[in-house]
Amino acid sequence: MFGLGLPLLSRTMLKRGTIAMKTTQMPVSNRANSIAPSSTLAITARVRQMKEEGRDVIGFGAGEPDFATPDRISDAAIQALRSGMTRYVPVPGTPQAREAVAEKLREENGIDCSAEHVVISNGGKFSLYLAFQAIVNPGDEVLMPTPAWVSYKPMIELAGGTLVEIPTTADANFLATPEQFDAAITPKTRAIVLNSPSNPCGTMYDPDAMRAICDVLARHDHVTLISDEIYERLIYGARTHLSPGSIDFMRDRTVTINGLSKAFAATGWRVGYACAPGHDGAIAKAMGKMQSQMTSSVTAFTLPALVVALEQCQGEVAAMREVFEQRAKLMYDAVSTWPGVTCAPPMGAFYVFPDISAAFGSSTADGRHIASAGDFAAALLDDTGVAVVPGDDFLGCGPHHIRLSFALDEDSIVTGCQRIGAWMDALVGMGESGS
Ligand SMILES: Cc1ncc(COP(=O)(O)O)c(C=O)c1O
């Protein structure tokens, strides 16, 4: 459909300009056309625009902490900038920064690794992109429990892979079982993606569940595990996080992804990292090689700040986590009062992912029909100024859900949730569709 290339066109036609319309209509590749823009970033942009227009908006859409980056981290970057750290640095990061990451992963996560296994990239997002590019060949299958974060599927497909979903349910807290993994793995399975705690579900695997999944992988040694641990520091209650890369037989088969964005309230810094100790760091080397042709290193003066974040900011991270924990409770209690809505309890990250499908088949007071999470979110935003993310793009049972971030102040959480509850109460024909 997009194959009409310039070489096929005659010079005469070009000169006459007869094909001007066609060429300007098709300026992009099939690859670029094949992926959708990030729906979560689109909601954030819409809320920002509405606020700029002076509208009273409460945004539950943003996937980023509302805190400022701790001063200590910013000061380290400013100092590095002032002292002249403005030139190219090694592609995977300075030796000091890579060692700080390796030390963090050894000490906090129990992963047996060293600096040469670490690649620092422009956000965990680019670390993930490079990991898929480094691991997946065209035709390979990549397994992933769904609902899942919106960017994995396009990244897998950009690497030529095929996503194979492992569907989970709200009743099971959106956690896949070892049996499901065992049944889904085939000779074509190249990798598995685990994101614990999860965006968008807000739930996580406890250490026993993680070990049980890894026990399955022990029987399938052609499969690499990509463990996205970006929310690892934001977990609630008495829960603990287990990095699968710390299990001895998984060390060589796990790529661990993390970064500054979520735990250190540093989403705009664009600093993420990957650690792949297996096979003498072969995957890390491949990722570094590709990064050398794409972005080179991250911004040089963020690297000393990364070291400070990992080595000195435990207190700041703990304080932010505590606030998130209080908000998680507030949010869960509020969501639980909405008519016909069920919600898994938030265990980690800063999201709740309630099932709002009881509203499907209903209508707003002025007659707009609600048949999907997208309809729900659009009508809600129009009527109440409250922005949520429809779950459609999160795959699996996602289309029955909306995602709400609790990375906003308590007053906004209470007011926003009250507005949603009252708006749902006023829907005509709620719960009559049986969906
Ligand atoms: C599950 C998950 N992984 C990775 C990322 C990437 O974060 P960043 O690129 O800001 O480090 C995000 C960001 O929203 C996320 O939710």
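The values are calculated or read from the model by the stated rules, or taken from the named source; none is laboratory data. Just so it is clear, the model here is predicted, and its values are computed rather than measured. Virtual Cβ from ideal backbone geometry, glycine too; neighbours counted across all protein chains shown.
Descriptive notes on the structure:
- Going through (1) within 25 Å of S198 (Cα to Cα); (2) modelled with pLDDT of 95 or more one by one, H369 falls short only on (1).
- Within the option set G367, G361, G374, G396, being at positive phi, surrounded by fewer than 24 Cβ atoms within 10 Å (Cβ to Cβ) and touching a Pro at 6+ places or on another chain (Cβ under 7 Å) holds for one residue only, G396.
- Only residues that are assigned to a helix (DSSP H, G or I) and either outside the structural domain of S246 (by TED's automatic domain parsing) or buried (at least 19 other Cβ atoms within 10 Å of the Cβ) (or both) were counted in the range 96-121, giving 10.
- If you check I120, I43, I58 for being within 27 Å of K289 (Cα to Cα), of a type outside the set (S, T, N, Q) and touching a strand residue (DSSP E or B) at 6+ places or on another chain (Cβ under 7 Å), only one passes: I120.
- Put simply, of G374, G367 the only residue that is farther than 14 Å from I420 by Cα, of a type outside the set (D, E, K, R) and outside any helix (DSSP H, G or I) is G367.
- In the set (1) of a type outside the set (S, T, N, Q); (2) within 16 Å of the ligand (Cβ to nearest atom); (3) farther than 28 Å from L242 by Cβ; (4) surrounded by 13 or more Cβ atoms within 10 Å (Cβ to Cβ), the condition left unmet by G93 is number (3).
Listed here are the residues, each with its yes/no results for (1) touching a strand residue (DSSP E or B) at 6+ places or on another chain (Cβ under 9 Å); (2) under 27 Å from M331 (Cα atoms); (3) of a type in the set (D, E, K, R); (4) at pLDDT below 95.
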| position | (1), (2), (3), (4) |
| --- | --- |
| Q180 | yes, no, no, no |
| T189 | yes, no, no, no |
| L194 | yes, yes, no, no |
| P207 | no, yes, no, no |
| H220 | yes, no, no, no |
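- Residue that is nearest to the ligand (Cβ to nearest atom), among those in the range 31-52 that are part of a helix (DSSP H, G or I), closer than 30 Å to G161 by Cβ and β-branched (V, I, T): T40
- Scoring R55 on the criteria (1) in a loop (DSSP other than H, G, I, E, B); (2) surrounded by 10 or more Cβ atoms within 10 Å (Cβ to Cβ); (3) modelled with pLDDT under 50 leaves a single failure, condition (3).
- Identity of the residue in the range 271-283, crowded, with 24+ Cβ neighbours inside 10 Å and closer than 23 Å to I192 by Cα, that ends up farthest from the ligand (Cβ to nearest atom): P277
- Of all the listed residues (L330, L306), the sole one being closer than 16 Å to V101 by Cα, outside any loop (DSSP other than H, G, I, E, B) and touching a residue at least 60 places away in the same chain (Cβ under 8 Å) is L306.
- For the range 251-270, taking the residues that are surrounded by fewer than 24 Cβ atoms within 10 Å (Cβ to Cβ) and part of a helix (DSSP H, G or I), the one that is nearest to the ligand (Cβ to nearest atom) is identified as T267.
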